[in-house]
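Novice: Take this structure, written in C-alpha cells, and hold onto it; I'll ask about it next.
The values are calculated or read from the model by the stated rules, or taken from the named source; none is laboratory data. From a predicted model like this one, the values you see are computed outputs, not experimental measurements. Cβ placement follows ideal geometry from the backbone for every residue including glycine, while neighbour counts extend to all protein chains displayed. Only protein heavy atoms, including side chains, enter the accessible area calculation; ligands, DNA and RNA are left aside. Shrake-Rupley method; radii C 1.70, N 1.55, O 1.52, S 1.80 Å.
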Amino acid sequence: MSKPAGGSGKSAVSTRAHRSPGREKKEVFYRDLLEHVNEAVAAFDEKENIVYVNPAFAKLTGYAANACLTMTGFDFFKGKDLEVVRQESAKRRQGVASQYEVHLTNSSGEKIPVLVSGAPLHGHGSIAVVTDLRELKKKERHISSLRKYEKHLAAILATSGDAIISLDLNRTVLSWNQGATRLFGYTETEMVG
C-alpha cells in the first residue's frame, strides 16, 4: 500500500477505521434514520450515478437496492418526465434545490406519480426524496368526481319544476329550489338553515 500525501503512513481505509466514537454514533443514527423513513431516498454522485438508496426507494422502484446502485437517476423516467428530471438535475448541479412532480417508471413498467424533492450536496452530488403520490392522486380523482356529481345535482335542483327540499338528520333545511318557492311561497334564503 502506498503512503498518502502528508507522510503519516496511514491509508484512507485505516484512517476511516479510527473515527471518533461520537462520529460513528452520528453516522449510525443518520443511516438508521434514512433506512427507516417511509419516503424513498436516493443519493447521487456528480454524474447522477446512484450511490445510495433506502429500502423505501427500492420498494417504490421495484428494484433491489444493489441493482439500483448500478443505475443512474435518469433510468427511472421516460419521455417528458425524463426531460423534466434532466432539467431539474441541471439546477442541482448549479446549487439549486427544487421540487417537481413527474411519473417514475418502476421495474414492471408501471408509471407512478411522484413528487421529487432534490437538493445539491455541495461537492458530493445530490440527494432526492421521492414521495409516492398514488393515494393522493386517487383521492383527488374521487374529490373531482364528487364535485361533478354535486354540480349535476345542483343543476337538477335548479331546473326542476317540482319542489325539491333536502333536510339533514335534524330536519334542518339544506336546500330549497325554485319549485319549493312557487309551491310554498318562501324563498331559499328564508328556509335554508
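Novice: Over the chain, with the other protein chains present, what is the accessible area per residue in square angstrom, probe 1.4 angstrom? Kindly include the intermediate steps, with their values, before the conclusion.
Specialist: Details: 13310 Å² over 193 residues.
For the chain, the per-residue accessible area is 69 Å².
Novice: For region 101-193, list log₁₀ I(q)/I(0) at each q in 0.13, 0.21 Å⁻¹, using the Debye formula over Cα point scatterers of equal strength and ignoring solvent, two decimals each.
Specialist: Log-scaled intensity ratios, in q order: -0.65, -1.05.
Novice: So, one more: Any chance you could run the full-extension gain for Leu82 through Tyr149? It's 0.36 nm times the residue separation minus the Cα-Cα distance, nm to one decimal. Intermediate results must be reported in sequence, preceding the final value.
Specialist: On the way: separation 67, 0.36 × 67 = 24.12 nm, distance 3.60 nm.
Taking 0.36 nm per residue and subtracting the Cα distance, the gain is 20.5 nm.
Novice: A follow-up question, please. So between Ala65 and Glu101, what do we pick up on full extension, going 0.36 nm a residue minus the alpha carbon distance? Before the final figure, lay out each step's value.
Specialist: Numbers: separation 36, 0.36 × 36 = 12.96 nm, distance 2.31 nm.
That works out to 10.7 nm of additional length.
Novice: Using alpha carbon coordinates only, what is the Rg to Rh ratio of the chain, with Rh defined as the Kirkwood radius?
Specialist: Details: Rg = 28.7 Å, Rh = 21.7 Å.
When Rh is taken as the Kirkwood radius, the ratio is 1.32.
Novice: Would you calculate the separation in nanometres between label points at Ala158 and Lys25, each defined as 7 Å from the Cα along the Cα-to-beta-carbon direction?
Specialist: Between Ala158 and Lys25, the simple spin-label model gives 6.7 nm.
Novice: To continue, here is another question. Could you work out what % of the accessible surface of region 83-193 is carbon and sulfur, using a 1.4 angstrom probe and leaving DNA, RNA and ligands out of the count? Present the calculation step by step, with values, prior to reporting the outcome.
Specialist: Values: 4190 of 7650 Å².
The value for region 83-193 is 55 percent carbon and sulfur by accessible area.
Novice: Rank-order 25-37, 61-73 by packing density, defined as the average count of other C-beta atoms within 10 Å over each peptide's residues, highest first. Don't skip to the end; give the middle numbers.
Specialist: Details: 25-37: 11.6, 61-73: 16.2.
Result, highest mean Cβ count within 10 Å first: 61-73, 25-37.
Novice: Percent relative contact order of the chain, based on C-alpha pairs within less than 8 angstrom and at least six residues apart?
Specialist: Normalised by residue count, the contact order of the chain is 13 percent.
Novice: Springs between alpha-carbon atoms under 10 Å, Gaussian network over the chain: tell me which of Ser160, Ser126, Ser117 tops the mean-square fluctuations.
Specialist: Result: Ser160 has the largest fluctuation of those listed.
Novice: Separate question: Net charge around Thr181, counting only other residues with Cβ within less than 10 Å of its Cβ (Lys, Arg = +1; Asp, Glu = -1)? Working shown, then result.
Specialist: Numbers: positive: Arg182; negative: Glu188, Glu190.
In short, -1.
Novice: Let me ask something else about it. Please give the net charge around Gly118, taking every other residue with its beta carbon less than 9 angstrom from that of Gly118, where Lys and Arg add +1 and Asp and Glu add -1. Intermediate results must be reported in sequence, preceding the final value.
Specialist: Numbers: positive: Lys91, Arg92; negative: Glu88.
For residues surrounding Gly118, the net value is +1.
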